[in-house]
Amino acid sequence: MPAKDLYLAFPVWAYNSPFDEPVGQLLLRNNRLKLIVYEPTQ
């Protein structure tokens, strides 16, 4: 069975804070998370 990727979607306001922290940067740098960041509309 082929490996599958998991993507997490975050609104911009939720993405900015946790991924500015060192642990968040480490996860992004090591490609441990695949993210979709979006701007929600009202």
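No lab work stands behind these numbers, since they all come straight from the coordinates. Remember, it's a predicted structure, so these values are computed and weren't measured experimentally. Counting neighbours? That spans all protein chains shown, and the Cβs are built from the backbone with ideal geometry, glycine included.
Odds and ends about this structure:
- Residue within segment 18-35 that is assigned to a strand (DSSP E or B) and touching a strand residue (DSSP E or B) at 6+ places or on another chain (Cβ under 6 Å) present: yes
- Among the residues of the chain, those identified as surrounded by 10 or more Cβ atoms within 10 Å (Cβ to Cβ), of a type outside the set (D, E, K, R) and within 9 Å of the chain's Cα centre (by Cα) are L8, A9, F10, Y15, F19, G24, L27, L28, L33, L35, V37.
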